[in-house]
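Here is the structure we will look at.
The values are calculated or read from the model by the stated rules, or taken from the named source; none is laboratory data. Keep in mind that what you see is a predicted model, and the values were worked out from it rather than measured. Quick reminder, even Gly has a Cβ in these numbers, built from the backbone with ideal geometry, and neighbours come from all protein chains shown.
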Amino acid sequence: MTEQIAVGNFTGMITRFKNQSILLGMRPCVDLLHEIVGNDEFNNRVGTDDSTKEHMIQLVGMCDRTRRVITYNPEDVDIMSVLDADIELSESLRPINLDNIQMSSTPLIELPWMFDGTDVNIPTWSSLQFRNGIGGMLYSAASQILVQYTRLESRNRSYLITVNDSLRMYSMMQTFRDLCDRFLGHDNQMDIAQPLATDEPTNNPAPNRIGNPAVSFGSSLQNKDS
């Protein structure tokens, strides 16, 4: 089978490795991508409401829960959490422990998702247009979570990821959570009064453009009389 070459915002992704647990960690992150690109609030320049903010935090929280599940942590090191500190890890989310038996070696596996631009459910930058800039920032951050999962040295293990690799992924997920806290929700909405020039009907030219020469931002033409 020809190796998949990831492109666009997924450039640098390693698409063939041994560790099947990383696929488990990536699964909710792929769902996160789907939810971002399918959310029409990111087509609103004003911003999002609180429900979108909480939804995104809930989704990255699920990514984080799965990260903890696949972490090999026999010494019970604090591997952090993007969730609130008072939320305890339930028994069903305790990290899997395979110390009791020698596992067999595993072959290389291919990613079950296509990050080469051919899957319309996982688009690259060239096919996206977020009118709300934060939508693009979140999509980029979620994309990088997936890319970094595949670049962990733990990809060469048969199962589970190390504590240090887990903390690397925690850092990526916490960055996503910080973006949600700082830029999503009612408190972060901004007042937008004018439509974009590209939104105007063809028989209603956009203001401040009629009869003016084409001007590049920062050029001297801005200071000349028509």
Practice prompt. Kindly indicate whether residue 52 is assigned to a helix (DSSP H, G or I), hydroxyl-bearing (Ser, Thr, Tyr) and either within 17 Å of residue 161 (Cβ to Cβ) or touching a Ser or Thr at 6+ places or on another chain (Cβ under 8 Å) (or both).
Written response: no
Item to complete: Return the residue satisfying two criteria in turn: it lies in segment 167-210 and is polar (S, T, N, Q) and in contact with a Gly (Cβ under 9 Å, 6 or more places away or on another chain), and of such residues it is surrounded by the most Cβ atoms within 10 Å (Cβ to Cβ).
Response: 188
Worksheet item: If you check residue 159 against the conditions, is it over 24 Å from residue 124 (Cβ atoms), surrounded by fewer than 18 Cβ atoms within 10 Å (Cβ to Cβ), touching a helix residue (DSSP H, G or I) at 6+ places or on another chain (Cβ under 7 Å) and among the aromatic types (Phe, Trp, Tyr)?
Response: yes
Worksheet item: Could you list, in sequence order, the residues of segment 6-34 that are among the basic types (Lys, Arg) and either within 10 Å of residue 150 (Cα to Cα) or touching a Gly at 6+ places or on another chain (Cβ under 9 Å) (or both)?
Response: 16
Worksheet entry | Pairs where the first residue, in segment 1-19, is at positive phi and the second is part of a loop (DSSP other than H, G, I, E, B) and surrounded by 12 or more Cβ atoms within 10 Å (Cβ to Cβ), C-beta under 6 Å, 6+ apart | 8/124
Worksheet item: Mind checking which residues of segment 1-17 are in contact with a helix residue (DSSP H, G or I) (Cβ under 6 Å, 6 or more places away or on another chain) and either farther than 14 Å from residue 141 by Cα or not in a helix (DSSP H, G or I) (or both)?
Response: 12, 13, 14, 17
Worksheet, complete the sentence: The number of residues in segment 183-202 that are part of a helix (DSSP H, G or I) and within 13 Å of residue 133 (Cβ to Cβ) is 2
Fill in: Qualifying positions in segment 12-39 - touching a strand residue (DSSP E or B) at 6+ places or on another chain (Cβ under 8 Å) and of a type outside the set (Val, Ile, Thr)
16, 17, 18, 19, 20, 21, 23, 25
Discussion item. Testing residue 2 on (1) at pLDDT below 95; (2) among the polar types (S, T, N, Q); (3) touching an Asp or Glu at 6+ places or on another chain (Cβ under 8 Å), one condition comes back false. Which one is that?
Written reply: (3)
